[in-house]
1. All other residues with a Cβ under 14 Å from the Cβ of Ala225 taken together, and with Lys, Arg as +1 and Asp, Glu as -1, what is their net charge?
2. Would you be so kind as to identify which of Ile435, Val345, Leu134 lies farthest towards the positive end of the dipole of the chain, taking Lys and Arg as +1 and Asp and Glu as -1 on Cβ and the Cα centre as origin?
3. Label region 282-410 by shape, choosing from rounded, prolate and oblate, from the square roots a ≥ b ≥ c of the eigenvalues of the Cα gyration tensor; if a/c is under 1.5 it is rounded, and otherwise prolate applies when a/b is larger than b/c, oblate when it is not.
4. What number comes out for the charge environment of His212, summing +1 per Lys or Arg and -1 per Asp or Glu over other residues with Cβ under 13 Å away?
5. Per residue, what accessible area does region 311-444 have, given a 1.4 Å probe and all protein chains present, in Å²?
6. Distance cut-off 20 Å, Cα to Cα: go down the list Lys178/Lys406; Lys113/Lys441; Lys39/Lys122 and report the pairs above it.
7. What number, in percent, do you get for the relative contact order of region 81-157 if the mean sequence gap of Cα pairs under 8 Å and at least 6 apart is divided by its residue count?
8. Expressed as an acute angle from 0 to 90° and rounded to the nearest 10, what is the orientation of the C-alpha long axis of helix 149-191 relative to the principal long axis of the chain?
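The values are calculated or read from the model by the stated rules, or taken from the named source; none is laboratory data. Just so it is clear, the structure is predicted and the values come from calculations on it, not from any experiment. No Cβ is skipped: glycine too gets one built from the backbone with ideal geometry, and neighbour counts run over all protein chains shown. Accessible surface areas use protein heavy atoms only, side chains included; no ligands, DNA or RNA. Shrake-Rupley method; radii C 1.70, N 1.55, O 1.52, S 1.80 Å.
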Amino acid sequence: MNASWPLVPLGALLHRSTRMIDVHPDAMYQEIKVRIRGKGVVERRLVKGVEIAADRRFVAQAGQFIISRIDARNGASGIVPPELNGAVVTNDFPLFDVVFSRLDPSFLDWMSKTASFVDLCKRASEGTTNRVRLSEANFTALEVFLPPLDEQRRIVARIEELTAKVAEANGLRSQTSKKQEALWPSLLNLAFRGQIGTNSRTDEPASSLLQHNACRHSAFRETKANNAHPHKPHCSSKGPFSLPLGWSWTTLGSVVTHLIDCVNDTPNFADHDTGFLGLKSTNIRPYFLDLRQRWFVSTEDFSVWNRRESPVPGDIVLTREAPVGYACRLPDGITSCLTQRLMLVRADPHVIMPELLLHYLNSPVFFDQVMTHSRGLTTPHIRVQDAPNFLLPLPPMPSQRRIVIKLNTLHTKVDTVKILQDETAAELDAMLPAILDKAFKGGL
């Protein structure tokens with residue numbers, strides 16, 4: 001705070017409101033929620049009087065200062081907005097009338113969002129670890145630097161001018177972010193329609209790749225666990241949309257050697273690092289394996305959960321549910337098994353590049369089919385029996401290479417833009433605290 005401003009106790013600026021109303025069982029009442037970290041005073045719910053566990057409640061008036069006894073130390077305070085005039089609160093949310101002749105409510109509202117004000121509230125709170133509450137006596141005894149009213153209003157106007165510019169910048173960033181999020185699916189859509197990467201009439205058609213591969217897999221043995229069928233591939237010129245010359249419609253089961261559902265049970269995860277990772281659906285994100293949280297299984301459970309097939313680096317893991325339709329490749333250097341809601345997908349490199357298959361499983365071409373097959377289901381998910389039959393537009397191998405190179409280049413650029421967007425968001429988030437800190441030190 002600006003040391004040239006006088007120190008004034010809050011008790012001289014705020015008077016505790018004791019106004020209460022009777023709660024009538026059939027009447028409707030607004031209740032108030034005070035968000036932490038200075039996020040504002042909002043409606044908690046609209047409730048019938050019979051649901052309120054008291055005959056009387058404190059009643060709020062627009063322009064009053066409200067603070068949470070429990071979360072004052074977390075920045076839960078602010079000015080009651082006009083739309084909550086007449087709302088009711090419990091004694092856990094003290095209400096204070098502002099002395100308008102000395103303090104502008106908007107000035108106090110902005111002040112309450114500063115780190116220095118929150119620190120004061122922490123000092124005014126007392127109690128044991130889980131029962132720390134604001135002491136009203138301690139709170140009103142706190143002293144704050146207080147400029148004259150005209151200066152308060154000038155500071156408020158300047159803060160609002162600057163925060164409006166930050167909000168405008170945030171709005172523009174948000175619009176750009178939404179467009180950027182829609183860009184990658186759009187690019188994948190174009191790629192699988194043959195509009196990214198050049199096609200050549202001299203390339204061996206995809207139908208020939210599938211036929212040759214069927215011969216290669218003539219001795220393929222079908223099992224209940226493995227839903228792949230490279231020995232009897234689907235091949236058609238007809239599908240959801242037209243394909244370029246040389247492309248073919250096929251199915252997911254036709255272009256993989258392994259399409260295996262996990263053991264649908266949850267192992268007893270170990271309480272220490274066994275070296276054997278038990279991957280969950282929450283580890284799988286589009287294009288990358290998120291190992292910020294890790295779960296480990298015993299040697300015995302590792303063998304049980306891998307009895308159908310052991311994952312190897314380069315395999316694709318696909319989520320069947322919660323979330324549905326996320327796919328990534330397993331990196332080198334991990335030893336893992338798949339737990340509930342996951343499928344192991346192993347590309348047959350003779351007919352499809354693993355990188356292209358990964359792009360397909362993260363594309364709208366695949367996801368739209370998943371959602372179509374999930375209609376009517378309570379929770380969208382990939383049914384094991386549907387997985388091998390999802391349609392896939394297959395380019396000739398030279399076209400696959402060109403598409404993968406182009407998509408990988410574009411993906412790197414899209415990721416770079418996202419990183420810049422995240423950095424910009426962090427910078428904008430840091431601007432309000434910086435503005436308030438400068439304002440209440442007399443620097444605006």
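1. Working: positive: Arg221, Lys224, Arg307, Arg308, Arg346; negative: Glu222, Asp261, Glu309.
Within the 14 Å Cβ shell, the charges total +2.
2. Val345
3. oblate
4. Local charge sum for His212: -1.
5. Per residue, region 311-444 has an accessible area of 44 Å².
6. Lys178/Lys406, as the Cα separations exceed 20 Å there.
7. 31 percent
8. 10 degrees
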